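Let me begin by presenting the structure, written as structure tokens, before commenting on it.
The values are calculated or read from the model by the stated rules, or taken from the named source; none is laboratory data. On a predicted model such as this, the values are computed, not experimentally measured, just so you know. Every residue, glycine among them, receives a Cβ derived from its backbone with ideal geometry; neighbour counts consider all protein chains shown.
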2 protein chains.
Amino acid sequence: MSTRRPSIQDLYPEDVAHCYGCGRSNPHGHQLKSFVEGDEVVAHFTPGPDYSSLPGFVYGGLLASLVDCHAMATAAAAELGGAVAGSEVSGSAVAPRYVTGALRVDYLKPTPLGVELEIRGRVKEQSERKKVVELTVSAAGTLTVRAEAVAVRMPKSMEQPPQKT
Amino acid sequence: MSTRRPSIQDLYPEDVAHCYGCGRSNPHGHQLKSFVEGDEVVAHFTPGPDYSSLPGFVYGGLLASLVDCHAMATAAAAELGGAVAGSEVSGSAVAPRYVTGALRVDYLKPTPLGVELEIRGRVKEQSERKKVVELTVSAAGTLTVRAEAVAVRMPKSMEQPPQKT
């Protein structure tokens, strides 16, 4: 029996696990996996060679996408609290689904392609339905991006797909 | 002989036309095309069904990516000025390449999947090397996203791919 710690995204309910950035049920997406590590949440991701902006550098849109999904996982982890802290993650926990209210990304320096990125998130302010998450991206140990996201508990209006008009 | 107006991205030099979001030379990317329309720059894009966040809604990372690339095209258009104004676009103009210094995206309401999005950009502040661009995304006529990007002229350090260490 595996004792591998589940990622936050592994704990999303099946009907909301199709996100292009981090849904385990989206075979064409990035499938980002975010893990609790102390009071931070950490993910690792190595962009494929197509994800360039200028030759040799990572496309800023991908960096925005990764911090966005990672921020929602960080917010979910904060709500779960003890259930996912340290090594005491329960694979039977269900992670709440947050959506992005606002995202701010500061590209401090170009991010090189071809190395593993480390994305770290930390909740800096929280209420029951809203979390403000600060994030960093590092490439081979060099900080290249700082970001901040406002994560909001998924509203009722998003529980069903919109009606086509 | 075609008289079709080129997009801003059609005017990027070949060696910097591989961006995942908007490079005409990246066959796996989104190939966003941005066109000057009066004092604004406009693009249309219909996300494929994989680009979901929650079922039926567009993934926020894609929206951030689209406004990011569109902002760089808007900045380039502003620098080109008359060369791309109205219908007087010259296919022989070369568009300068900007990179993103900072990006702020406000998700005003969920963006439905399956409809064409309209992305509009407008330079609100500019200097020789830096432009601040404000942007909107609308889905079937409904405003869903507001964004602002700081576009910076591509630095010398990005003219060559980074050296592997």
Next on the checklist: Against the definition (within 14 Å of chain B (Cβ to nearest Cβ) and modelled with pLDDT under 95), how does residue A:28 come out, yes or no?
Outcome noted: yes
Checklist entry - When the stretch A:33-52 is examined, which residues are found to be farther than 16 Å from residue A:80 by Cβ and without any contact (Cβ under 8 Å) to a residue 40 or more places away in the chain? => result A:48, A:50
Item to check | Sole residue being in contact with a strand residue (DSSP E or B) (Cβ under 7 Å, 6 or more places away or on another chain) and either on the phi > 0 side of the Ramachandran plot or at pLDDT below 95 (or both), chosen from B:129, B:120, B:104 | outcome: B:129
Checklist entry - Does residue B:21 meet the test of being within 10 Å of another protein chain (Cβ to nearest Cβ), surrounded by fewer than 22 Cβ atoms within 10 Å (Cβ to Cβ) and in contact with a Gly (Cβ under 7 Å, 6 or more places away or on another chain)? => result no
Checklist entry - Going by the conditions given, is residue A:32 buried (at least 18 other Cβ atoms within 10 Å of the Cβ), more than 16 Å from the chain's Cα centre (by Cα) and of a type outside the set (Gly, Ala, Ser)? => result no
Checklist outcome for this item: Considering residues that are of a type in the set (Ser, Thr, Tyr) and either free of Cβ contacts under 8 Å to residues at least 60 places away in the same chain or not in a loop (DSSP other than H, G, I, E, B) (or both), the number found within the stretch A:11-32 is 2
Item to check | When residues of the stretch A:44-83 are limited to those that are surrounded by fewer than 24 Cβ atoms within 10 Å (Cβ to Cβ) and part of a helix (DSSP H, G or I), the one farthest from the other protein chains (Cβ to nearest Cβ) | outcome: A:82
